[in-house]
Amino acid sequence: MLLERWLRARGYPVLFTGWNSSRLVRRSMRRGKKKNLLTPTTFSLLHAVDFADRLTYQILPPLKAGMIVLADRYVYTAFARDVARGVDPDWVRAVYSFALRPDLTLYFRVPIEVSLERLLAGRAKLKYHEAGMDVGLSPDPVESFRLFQSRVLEIYDHVAGEFAFHTVDATREIPVQQRGFRRVMQEILRDYDKQRSKGVRHAVQAP
Amino acid sequence: MRSKHPKRWYGHGLPYLKEKSLPGHLIVIEGTDGVGRSTQIDLLRPWLELEGYAVSRTGWTRSPLLSETISEAKAGHQLTVTTFSLLYAADFADRLEHEILPSLQAGFIVLADRYMYTAFARNNVMGADPAWTRDLFGVALVPDLVLYLDVDVETLIPRVVHGKGMDYWESGMHLALSTDLFDSFQHYQSRLTAEYRKLAQEFGFVTVDARAPIDEIQTDLRKHIAGYLRRAEPVSVPSADGEPVPPLSLRKD
């Protein structure tokens, strides 16, 4: 949000896209979650459908028009989360091989206890899949969240190295974080300003 | 006792599943639209049941999770080759985990009306990356037997016209090969058949001539299935009261 506003204030054409937001698989996703029908593989593939749909309709056209696309999560979310659920790491990378490589990936990293605290402060309870209840690590949602998300975080850290993410310490004060990655953004934007007509891609990744 | 029909995954499989024995048989009927797959499966099922086998059937895009989404998406015009392929793969995975594997575990014969090869053939015609399509289906189990109903487009056309008629998707109208439904059907189905024939070689399908009358095709299919079952290890088929019954010998047709 802050990043989007900052870019807009500086006159950049910006478009924002979220994870799991296309209408195409909404019904299947809802049904699968409600009736607990999803397996790690179908969970992964439904998200891939959603992503492919957004790539076609929401991400590629603005990029071709030379805009900046801010993506709240990208394929790396699948690389971490789906692998934590047990799918093969090479398989999920192959599934998403149609995706574009982002120009910049910002990785907002927080320890599990902090994300748990933030989530519980914001709402009454954890979501079933977010707590990894489907994986069956613990019958207690909070404990399950801790175990599952620790696994996710460990894989994320590995993926961060593999794809050269720019890591932001998300436990710091928000203005400190913003100053930190605005510097990185500025470097990317210098290139963008130079080749504005060619169309440059930007994406942001947060766990 | 070592099984003579050991199962293997096509690619990475489903690493999160505990290894379980799959004493059942996975038999696939492949072939293009309108070739008579479902008619033949309707006839195979009671025959196998009379022979003492428990039979379950699974069909393309029939998963409870995806079937509505797929029909809805086909009704709109939102799908790309990529989303199309991923939806089919999701449908397949759902049926694999919820229907096919549990049935095989329980010793059933699973008759699959189409399998991953349909996606391989269609995706090649639609222009998807063939390596990517195959990667997607790395989760699949390799079938024990694939029976391919082969037909030429000239024979297929009158059957489809007399039957349910040419539909938008089966005619490949989404590929914009022609503005004429008939021309498009002919073009699309010829290309699909060419793909199926290549796949038949690569994956060792048993090709059955589907230009023959229904009962002749059925006789052929039964002969191949009986031959396969005799070669494969006999399985114990659970009866209705849960007691295993010894397998019956198969009549030679």
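FYI, it's all coordinate maths here, none of it is from the lab. In this text the structure is predicted, and so the values were computed from the model without any measurement. Every residue, glycine among them, receives a Cβ derived from its backbone with ideal geometry; neighbour counts consider all protein chains shown.
Radius of gyration (Cα atoms) of segment B:25-235, expressed as a multiple of 2.2 N^0.38 Å: 1.01. Legend: translational diffusion of segment A:57-207 by Stokes-Einstein, Rh = Kirkwood radius over C-alpha pairs, 10 °C, 1.306 mPa s; D = 94 µm²/s. Rg/Rh for the protein assembly as shown stands at 1.03; both radii use Cα atoms, and Rh follows the Kirkwood definition.
For chain B, the relative contact order is 29 percent, taking Cα pairs closer than 8 Å that sit 6 or more residues apart in sequence and dividing their mean separation by the residue count.
Between A:Arg10 and A:Thr167, the contour length at 0.36 nm per residue exceeds the Cα-Cα span by 54.2 nm. Computed from the C-beta positions of A:Asn20 and B:Trp169, the FRET efficiency with R₀ = 25 Å rounds to 0.35. Structural descriptor for chain A: relative contact order 30 percent, calculated from alpha carbon pairs under 8 angstrom and at least 6 residues apart. Loop sites by DSSP among the trypsin sites (Lys or Arg not before Pro) of chain B, restricted to those with at most 11 other Cβ atoms within 10 angstrom, leave B:21-163 as the longest stretch without any of them. The packing ranking of peptides B:82-89, A:115-122, highest mean first, is B:82-89, A:115-122, where packing means the average number of other beta carbon atoms within 10 angstrom of each residue. Sorting A:24-34, B:100-110 by their mean Cβ neighbour count within 10 Å, with the most densely packed peptide first, gives B:100-110, A:24-34.
For the peptide A:43-56, the mean number of other protein chain Cβ atoms found within 10 angstrom of a residue's Cβ is 6. Pairs exceeding a 21 Å alpha-carbon distance, out of A:Lys34/B:Lys7; B:Lys20/B:Lys198; A:Lys33/A:Lys125; B:Lys20/B:Lys223; A:Lys64/A:Lys194: A:Lys34/B:Lys7; B:Lys20/B:Lys198; B:Lys20/B:Lys223. Placing unit charges on the Cβ atoms only, positive for Lys and Arg and negative for Asp and Glu, gives chain B a dipole magnitude near 740 debye about its Cα centre.
With θ taken as phi - 60° and the Karplus curve 6.51 cos²θ - 1.76 cosθ + 1.60 applied, the whole-hertz 3J(HN,Hα) list for segment A:110-115 is 9, x, 3, 4, 5, 5 Hz, x standing for glycine and proline. Applying 1/(1 + (r/R0)^6) with r as the Cβ-Cβ distance of A:Asp103 and B:Ile157 and R0 = 45 angstrom yields a FRET efficiency of 0.30. Phi-derived couplings, Karplus 6.51 cos²θ - 1.76 cosθ + 1.60 at θ = phi - 60°, listed residue by residue for segment A:71-85: 10, 7, 6, 8, 4, 5, 4, 5, 4, 7, 5, 5, 5, 4, 7 Hz, with x used for Gly and Pro. When +1 charges are put on Lys and Arg Cβ atoms and -1 charges on Asp and Glu Cβ atoms, the dipole computed for the protein assembly as shown relative to its Cα centre reaches about 1500 debye.
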